[in-house]
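As structure tokens, the structure follows; a few thoughts come after it.
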Amino acid sequence: MRTLSNTHCTDCPAYYQHVMAAPEELRGKTLRYGDRVCTHGKKVRRFGERDPKVQVPGWCPRRISPPVLRIYDFRSANDWACQTILKLSPLAHRYCVTFEGTIELSAKAFWNQCSKDRYGSQLPIPVPLSGIVEIDDGIQPVCFYHTDRGYELLEGFDTAAARANQRREEAER
């Protein structure tokens, strides 16, 4: 079972560390050598001495608490048939959101639970086979693909495209 890596502030475009010897003015804050700041939002926020050096601090303005849970299913029966017959990796244009709510578990905690309970009984609704679970904490959304063997980490799934899709009802013949 693969492990989920923690997110880091250095991966965020709003993170800035001043490495010049000369002080610099940034949106009303004077930065000295070694100062680390978060530029997300209107104000610049300086990292304190007690803030974590690598991990994302609890005050991060991008953080969503509790995390958002989204469950994706196929848009139509045709999309389901194409996926099961061709056995391709999940493509965002075939999926749409069927459930959106919150979850008390982080993506890492959910992944650890999946090692004990393959079928994700900690979720509020059952996830269909080939369904996708997204846990978005505002910093790094993580997707899981539901297979007959349990859940697998899914990388590269375009959640924004899947959220824009609507469910299509097929006309009965």
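Relative to the longest principal axis of the Cα atoms of the chain, the long axis of helix 107-116 lies at roughly 50 degrees.
In terms of other Cβ atoms within 10 Å, R36, R168 run from fewest to most in the order R168, R36. Computed about the Cα centre, the dipole magnitude for region 1-59 is approximately 180 debye when only Lys and Arg (+1) and Asp and Glu (-1) carry charge, each at its Cβ. Neighbour counts of other Cβ atoms within 10 Å put R27, R45, R163 in the fewest-to-most order R27, R163, R45.
For the chain, the longest principal axis of the alpha carbon atoms and the long axis of helix 77-86 meet at an angle near 90°. Under 18 Å Cα to Cα from K108, which aspartates and glutamates show up? Leave out anything in the same chain fewer than 8 places away. Here the aspartates and glutamates satisfying the reach criterion relative to K108 are D11, D117, E134, D136, D137, E152, E155. Comparing Y33, Y15, Y95 in a Gaussian network model of the chain, where Cα atoms under 10 Å apart are tied by springs, the biggest mean-square fluctuation is seen for Y33.
Backbone geometry of region 7-23 corresponds, through the Karplus equation with coefficients 6.51, -1.76 and 1.60 at θ = phi - 60°, to 3J(HN,Hα) couplings of 7, 10, 4, 5, 7, 8, x, 8, 7, 9, 10, 7, 10, 8, 6, 7, x Hz, x marking Gly and Pro. For the chain, the relative contact order is 21 percent, taking Cα pairs closer than 8 Å that sit 6 or more residues apart in sequence and dividing their mean separation by the residue count.
Between A77 and K29, 0.36 nm times their residue separation minus their Cα-Cα distance comes to what?
11.7 nm
Residue by residue, region 61-66 carries 3J(HN,Hα) couplings of x, 7, 5, 10, 10, x Hz when phi is fed to the Karplus relation 6.51 cos²θ - 1.76 cosθ + 1.60 (θ = phi - 60°); x denotes Gly or Pro.
Fewest neighbouring Cβ atoms within 10 Å first, the residues K116, K43 line up as K116, K43. Can you work out the FRET efficiency for the pair H40 and L153, with r the C-beta to C-beta distance and R0 = 25 Å, to the nearest 0.05? Working from the Cβ atoms, E equals 0.40.
Values quoted throughout were computed directly from the atomic coordinates according to the rules given, and no laboratory measurement underlies them. Quantities reported herein were computed from a predicted structural model and do not represent experimental measurements. As a convention, Cβ positions derive from the backbone with ideal geometry for all residues, glycine included, and neighbour counts pool all protein chains shown.
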